[in-house]
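**Q** Okay, handing you the structure first.
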Amino acid sequence: MTTPRPSTELTADEARRIALRAQGFLGTPDRRSGVRGVLRHLGAVQLDTISVLARSHELIPYARLGAVGRKTVENAYWTTASVGAPPARPNAFEYWSHAACILPIEEWPHFAFRRRAYRSRPHWNHDLPEGTYEQVIKQLRTEGPLTATELGGAKKTSEWWDWSGTKVAVERALMYGEVVCVERRGWKRVYDLAERAVPEALLHDELDDAECLRRLVRLAGQSLGVGTRADIADYHRLKAEQVDAVIADSGLVPVTVEGWGKPAWADPEALGTPPRGRHRTTLLSPFDSLIWERARTERIFGFTHRLEAYVPKPKRIHGYFAMPVLAGGRLVGRVDPAREGSTLVARQVTLDGPKAVPAVAQALVEAASWVDCTDVRVERVDAPELRAPLTKALADL
């Protein structure tokens, strides 16, 4: 691919601030559009089963909007919004993007390329008993939206990976686009026929691959503000050659960024006005899209981030669910949290020097309040000399 000559040069600091604004961490948050606005702005919110303070899809809007009610978060994703008259229109659907993600319902047509790919090149680790797929579709058609349990059971055994034939079938139907999830009940996916749940105007696979990819590349560029090809590809887990094929026609513009060493692309609107405003101080989910891509996080923030939940305990460095702390547009430390009754416990705290103490204390107190904890207790600080200042800062808030 021949990259056009960049017309804009950005300093590393300008790129960092553009990225922060694009992700909703710089400037006044749009509280009127709320959680749904955050979802549309980011384009994808990753789902994960781990819940320490809260599940990751709750932490994403909290980090940007502050103490938004957790029931409000759930309703924003998984209740329908009437547009004019019935039938009600869903706000979002779940599908494979960066990982398993909540996506704005308007983007259903732009994942046609992925649905086609799954249908034409299926790769499965589970055998599917004959007739099971057809039975699942028939049951949904007859009985309406159902969970995997209601369809006949999600698992064959207690092992997390050991799906029942029914669960394999309905997940396969979801990947193919015949079934969709636009609702959860008690963290369980509710499956429905796409033809019934997706608004008629959106229910099609008419867009060719190039048009789908152009849209997703443009959306990734807008959500990142500025990024390398690898950054943009990673956002919705596209292949490098898919990005190369469409990026010149995506509306993004080539730029150079000081110290990046690789070509970059930016949202032209992000270049139009300098990023200004108040920085958020907050704990970040390890699954936050600001820090999805490790190489990008190191490049922009000089911060190495790795989720250690799946690392054997003796080999963990920062803790099970270490949450980076964002303050002043920098990543200034980590907190591995837990909850014991009404106490938020900081099992392990890593601070980037004494100047990080007030921000980490503020982030801890605000997070504790959000999850209805009345106390904060610090168990371990990696730099022991900072334990007393952190404890004092917490007491003063």
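The values are calculated or read from the model by the stated rules, or taken from the named source; none is laboratory data. This structure is a prediction, so every number in the text was calculated from the model and none was measured. When we count neighbours, we look across all protein chains shown, and the Cβ atoms used for this are built from the backbone with ideal geometry, even at glycine. Heads up: the accessible areas ignore ligands, DNA and RNA and are worked out on the full protein's heavy atoms, side chains in. Shrake-Rupley method; radii C 1.70, N 1.55, O 1.52, S 1.80 Å.
**Q** How would Met175, Met323 rank on accessible area, largest to smallest, probe 1.4 Å?
**A** The most accessible residue leads, giving Met175, Met323.
**Q** If you don't mind, there's one more thing I want to ask. Trypsin sites (Lys or Arg not before Pro) within the stretch 6-40: which are DSSP loop residues with at most 12 other Cβ atoms inside 10 Å?
**A** Passing sites in the stretch 6-40 are Arg31, Arg32.
**Q** Cβ under 15 Å from Val179's Cβ, Val179 left aside: what net charge do those residues give with Lys, Arg +1 and Asp, Glu -1?
**A** Cβ neighbours under 15 Å give a net charge of +1.
**Q** Taking the Cβ-Cβ separation of Val311 and Trp96 as r and a Förster radius of 30 Å, what is the calculated FRET efficiency to the nearest 0.05?
**A** 0.75
**Q** Considering only C-alpha atoms, what is the centroid distance from the stretch 350-372 to the stretch 12-65, in Å?
**A** 18 Å
**Q** For the stretch 90-233, what does the accessible surface come to per residue with a 1.4 Å probe? Please give it in Å².
**A** Here the per-residue accessible area is 45 Å².
**Q** Once you treat every alpha carbon in the stretch 307-397 as an equal point and sum by Debye, what is log10 I(q)/I(0) at q = 0.16 Å⁻¹?
**A** -0.59
**Q** Counting every Cα pair in the stretch 243-397, what percent are over 26 Å apart?
**A** It works out to 36 percent of all Cα pairs.
**Q** Give the value in nm², to one decimal: projected area of the alpha carbon convex hull of the stretch 1-66, averaged over all directions. Numbers along the way, then the final one.
**A** Working: hull surface 28.5 nm².
Quarter of the Cα hull surface area: 7.1 nm².
**Q** If you don't mind, there's one more thing I want to ask. Most mobile of Ala322, Ala248, Ala367 per a Gaussian network model of the chain (Cα springs, under 10 Å)?
**A** Highest fluctuation of the listed residues: Ala248.
**Q** Rounded to the nearest 20 debye, what is the charge dipole size of the chain about its Cα centre when +1 sits on each Lys and Arg Cβ and -1 on each Asp and Glu Cβ?
**A** Result for the chain is approximately 760 debye, rounded to the nearest 20.
**Q** While we're here: If you fit an axis through the alpha-carbon atoms of helix 165-176 and take the longest principal axis of the Cα set of the chain, what angle between them do you get, 0 to 90°, nearest 10?
**A** 80 degrees
**Q** With a Förster radius of 41 Å, plug the Cβ-Cβ distance of Ala201 and Glu298 into 1/(1 + (r/R0)^6) and report the FRET value to the nearest 0.05.
**A** FRET efficiency, Ala201 to Glu298: 0.45.
**Q** Compute a Gaussian network model of the chain, connecting alpha carbons closer than 10 Å, and tell me which residue from Gly353, Gly251, Gly24 fluctuates the most.
**A** Gly353
**Q** For the stretch 281-376, with every protein chain kept in place, what is the accessible area per residue (1.4 Å probe, Å²)?
**A** 41 Å²
**Q** With both bridge residues required to lie in the chain, what share of the DSSP beta bridges run antiparallel, to the nearest 5%?
**A** Bridges in the chain that DSSP calls antiparallel: roughly 85 percent.
**Q** With labels modelled as points extended 7 Å from the Cα through the Cβ direction, what inter-label distance (nm, one decimal) is found for Ala383 paired with Thr72?
**A** 3.6 nm
**Q** Report the Cα-based extents of the stretch 104-261 along its three principal axes, largest first, to the nearest Å.
**A** Result for the stretch 104-261: principal-axis Cα extents of 55, 37, 31 Å.
**Q** Return the long-range amide H neighbours of Met323 (sequence gap of 5 or more, or a different chain), with a cut-off of under 5 Å between placed amide H atoms.
**A** Those qualifying (amide H under 5 Å, at least 5 residues apart or on another chain) are Val335, Asp336.
**Q** To test your reading of the geometry: what angle, between 0 and 90 degrees and rounded to tens, separates the Cα axis of helix 132-143 from the longest principal axis of the chain?
**A** Between the helix axis and the principal axis of the chain, the angle is about 90 degrees.
**Q** Cut-off 10 angstrom, C-alpha nodes, Gaussian network model of the chain. Which of Ser223, Ser250, Ser164 fluctuates the most?
**A** Among Ser223, Ser250, Ser164, the largest mean-square fluctuation in the Gaussian network model of the chain belongs to Ser164.
**Q** Tell me the carbon and sulfur percent of the accessible area for the chain, rounded to whole percent, probe radius 1.4 Å.
**A** Exposed carbon and sulfur together represent 50 percent of the surface.
**Q** Specify which residue in the list Gly153, Val365, Tyr133 is farthest towards the positive end of the charge dipole of the chain, using unit charges on the beta carbon of Lys, Arg (+1) and Asp, Glu (-1), about the Cα centre.
**A** So the residue furthest toward the plus end is Val365.
**Q** I've got another one for you. Can you match Kirkwood radius over Cα pairs in Å to one of these, (1) 21.1; (2) 23.9; (3) 22.6, based on a calculation from the structure here?
**A** Answer by label: (3).
**Q** Taking amide H atoms as placed 1.01 Å from N in the peptide plane, list the residues 5 or more away in sequence, or in a different chain, whose amide H sits under 5 Å from that of Ala92.
**A** Ile105
**Q** Which order do the peptides 137-145, 296-304 come out in when sorted by mean C-beta neighbours inside 10 angstrom, highest first? Could the numbers behind the result be given before it?
**A** Numbers: 137-145: 14.0, 296-304: 18.0.
Highest-to-lowest ranking by the protection proxy: 296-304, 137-145.
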